[in-house]
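The values are calculated or read from the model by the stated rules, or taken from the named source; none is laboratory data. Being a predicted model, the structure only gives us computed values, none of them experimental. All Cβ positions, glycine included, derive from the backbone under ideal geometry; neighbour counts span all protein chains shown.
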């Protein structure tokens, strides 16, 4: 798409929205023609798009040479974001200005259709479905591994420690798949609001996880300066970058509170954390008794 789009822009390809040009990025009212409110509220959905990015660290236990593979994978993430997210958006809005995009139609489909690819909708649907399946697969993988790890530490049922001959935590995997079915049930109960509800709650949960990771990293660096000094793959601009991340996380929480549709996450998710805390206290008291 990006290659085709750049070619269309260079040639000044004409569509029903006019000539393709990078000038379309700022010609139609500038960057925030309707104010910055929509831009700020979009952060909830943007952050949700990157949930699960911490899976890169989780795979450290699955690779033979994590010292080589993990830094390479992490360094590739910003490059992929720039190319496939920012690059694609720049190309699309250069071909179809924001005020000519139909919310009911995919802009990707519009670009392909403009160059005469009749099967554009089918191609995009295939890409979307495979991407969703890939994301679901990653979620099941990470959840099953986490449940398995919790079971090894006696923080989950012992049955979740069961491994197959291929070292796959089968029970934890089945449990993860069953939990995903909740979203299918919700799609029938509240089809119009289920997407915003799930994305909002997921965003809250994941930024909580990210905050804990950053705080643990800060504490680790302070408690083990010698080990941190030996590391060949350090966090850039530490500790300033860590505090900037925490400030951004607080900003996203504020954004969730500004929108009445996403505000529910601020009420529902803490209740879930309280339930988990109660369960943890019960398990801990049983161990000590």
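Among the numbered conditions (1) under 22 Å from residue 47 (Cα atoms); (2) surrounded by 14 or more Cβ atoms within 10 Å (Cβ to Cβ); (3) modelled with pLDDT under 85, the only one that residue 210 does not meet is (3). Out of 175, 206, one residue alone is touching a residue at least 40 places away in the same chain (Cβ under 8 Å) and either under 16 Å from the mean Cα position of the chain (by Cα) or over 20 Å from residue 269 (Cα atoms) (or both). It is 206. Could you tell me how many of the residues in the range 147-168 are within 24 Å of the chain's Cα centre (by Cα) and either without any contact (Cβ under 8 Å) to a residue 24 or more places away in the chain or over 29 Å from residue 195 (Cβ atoms) (or both)? Selection size over the range 147-168: 3.
For the structure I just gave you, tell me whether residue 160 is surrounded by 14 or more Cβ atoms within 10 Å (Cβ to Cβ), at pLDDT below 85, assigned to a helix (DSSP H, G or I) and not assigned by TED's automatic domain parsing to the domain that holds residue 272. The answer is no for residue 160.
Residues in the range 227-236 that are part of a loop (DSSP other than H, G, I, E, B) and surrounded by 10 or more Cβ atoms within 10 Å (Cβ to Cβ): 231, 233, 234, 235. From the list 56, 91, 47, the lone residue that is in contact with a helix residue (DSSP H, G or I) (Cβ under 6 Å, 6 or more places away or on another chain), surrounded by 13 or more Cβ atoms within 10 Å (Cβ to Cβ), under 18 Å from residue 141 (Cα atoms) and not assigned by TED's automatic domain parsing to the domain that holds residue 254 is 56.
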